[in-house]
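Trainee: Before anything else, here's the structure in question.
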Amino acid sequence: MSKLLVAPGSDPYINLAAESLLLREAAEPTLYLWVNSPSVIVGVNQNILKEADAEYLRSNGVPVVRRTTGGGAVYHDLGNLNYSFIIPNSIYSVERQNRVISDALRKFSVEAHFSGRNDLVVGVRKVGGAAYKKSVPNSLHHGTLLVNLDIGAATAALTPAPEKLESKGVDSVKSRIANLSEFSDAVNVATLSAALIEAFGREYGDYTELAFPRDRCLSEAARLASEDWLYGREPPFSHEMRFVINGERIAVRLDFREGRIVDVSAVGDFLDGELPEKLRPHLIGKSLSEIKGLPDLLESLLSGRFRV
């Protein structure tokens, strides 16, 4: 006997919290399907500033969520179907789990194959990715399937390191990824969900559907949304932002430790030699999400309208 859980909502924190609950408690092979509202999901060890455009996320109200698995950053929206296989360790098999995905896509005459560590591709175009986590008593294999993703938004939100793109021989995120709907008009989130459920049943036997445990997910969702989880895991790093304010060029360097600013410096051709010291009281101790309106602050300090 196997289990099926389908998330009724699109809150990324709740949806990932439910996955954590299943990983701890599932007693049978379980398929979990979920869709998130626009969000950036980063790997457990990634530096958020290196993976995402903070200003774009802030301006568009796109949250960042740090998952518990490794791998790279991905953009989610309602055109992106996420799957999680929570499988007892005794029968965990990436080959079997991948077969469920391949069989489901074959229903739409889409021939996809797995490439490298975690990419699902059609031809040379990436249509999905996966990540893994060994645990007790179960292990996790989860991933994303691009059905009708807003690729323009994904390109704007994600800023991967140039060497990552060069290593894959492409010029941008947009040129590499593709939606499954490009390969079949019959594919949408609903039809692909149904095909995955059918393929899962063939591979793991009859299933029963679980009720969504929302109330039991609230505590874990709050932890996943906390500043400590989002930024506290990051190693010390520096981030530089460049501005032109009233014709004066300014490069502001922010040094972070445990997700908070511990030092501020500024270089450029600005006339105010005290600008770095004026900036410090406004930025020291803040997290990335708390840095708002830095150009306005710089303009105020340089014009003398803002007194420290």
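Trainee: Return the residues of the stretch 235-245 that are in contact with a helix residue (DSSP H, G or I) (Cβ under 8 Å, 6 or more places away or on another chain) and more than 19 Å from HIS282 (Cβ to Cβ); say none if nothing qualifies.
Mentor: PHE237
Trainee: Quick check on my filter: what residues within the stretch 226-266 are hydroxyl-bearing (Ser, Thr, Tyr) and either farther than 21 Å from ILE41 by Cβ or in a strand (DSSP E or B) (or both)?
Mentor: Residues satisfying the conditions are SER238, SER265.
Trainee: Related question: State all residues of the stretch 61-111 that are polar (S, T, N, Q) and modelled with pLDDT of 95 or more; if no residue qualifies, say none.
Mentor: Correct list: ASN80, ASN82, SER84, ASN89, SER90, SER93, GLN97, ASN98, SER102, SER109.
Trainee: Name the residue that is farthest from ASP185 (Cα to Cα), counting only residues in the stretch 90-107 that are without any contact (Cβ under 8 Å) to a residue 40 or more places away in the chain and within 24 Å of the chain's Cα centre (by Cα).
Mentor: The qualifying residue farthest from ASP185 (Cα to Cα) is ASN98.
Trainee: Would you be able to tell me the number of residues in the stretch 197-226 that are under 24 Å from LYS286 (Cα atoms), surrounded by fewer than 17 Cβ atoms within 10 Å (Cβ to Cβ) and either of a type in the set (Gly, Ala, Ser) or touching an Asp or Glu at 6+ places or on another chain (Cβ under 9 Å) (or both)?
Mentor: Residues that pass the stated criteria total 2.
Trainee: Additional query: Scan the stretch 51-94 for residues that are aromatic (Phe, Trp, Tyr), in contact with a helix residue (DSSP H, G or I) (Cβ under 9 Å, 6 or more places away or on another chain) and buried (at least 18 other Cβ atoms within 10 Å of the Cβ) and jot them down.
Mentor: Those that are aromatic (Phe, Trp, Tyr), in contact with a helix residue (DSSP H, G or I) (Cβ under 9 Å, 6 or more places away or on another chain) and buried (at least 18 other Cβ atoms within 10 Å of the Cβ): TYR75, TYR83, PHE85.
Trainee: Please go through the stretch 58-84 and pick out each residue that is under 29 Å from ASP228 (Cβ atoms), of a type in the set (A, V, I, L, M, F, W, C) and part of a strand (DSSP E or B).
Mentor: Passing the criteria: VAL64, VAL65, VAL74.
Trainee: Across the stretch 20-49, which residue is farthest from GLU227 (Cα to Cα) among those that are in contact with a Ser or Thr (Cβ under 9 Å, 6 or more places away or on another chain) and of a type in the set (Val, Ile, Thr)?
Mentor: Step by step, filter the stretch 20-49, then rank; the result is THR30.
Trainee: Right, another one. Could you look through the stretch 261-308, keep only residues that are modelled with pLDDT under 85 and touching a Phe, Trp or Tyr at 6+ places or on another chain (Cβ under 9 Å), and pick out the one that is farthest from ALA54 (Cα to Cα)?
Mentor: Among residues in the stretch 261-308 that are modelled with pLDDT under 85 and touching a Phe, Trp or Tyr at 6+ places or on another chain (Cβ under 9 Å), the one farthest from ALA54 (Cα to Cα) is LEU302.
Trainee: Among the residues of the stretch 120-134, count how many are over 15 Å from the mean Cα position of the chain (by Cα) and farther than 13 Å from ILE86 by Cα.
Mentor: Within the stretch 120-134, residues that are over 15 Å from the mean Cα position of the chain (by Cα) and farther than 13 Å from ILE86 by Cα number 8.
Trainee: Can you tell me how many residues in the stretch 183-218 are in a helix (DSSP H, G or I), in contact (Cβ under 8 Å) with a residue 40 or more places away in the chain and over 20 Å from ILE87 (Cβ atoms)?
Mentor: The number of residues fulfilling the criteria is 7.
Trainee: State which residue is surrounded by the most Cβ atoms within 10 Å (Cβ to Cβ) when the search covers only the stretch 113-129 and only residues that are modelled with pLDDT of 95 or more and among the aliphatic types (A, V, I, L, M).
Mentor: Here the answer is VAL127.
The values are calculated or read from the model by the stated rules, or taken from the named source; none is laboratory data. A quick note: this is a predicted structure, and the numbers were derived from the prediction, not measured. Here Cβ is always computed from backbone atoms with ideal geometry, including for glycine, and neighbour counts include all displayed protein chains.
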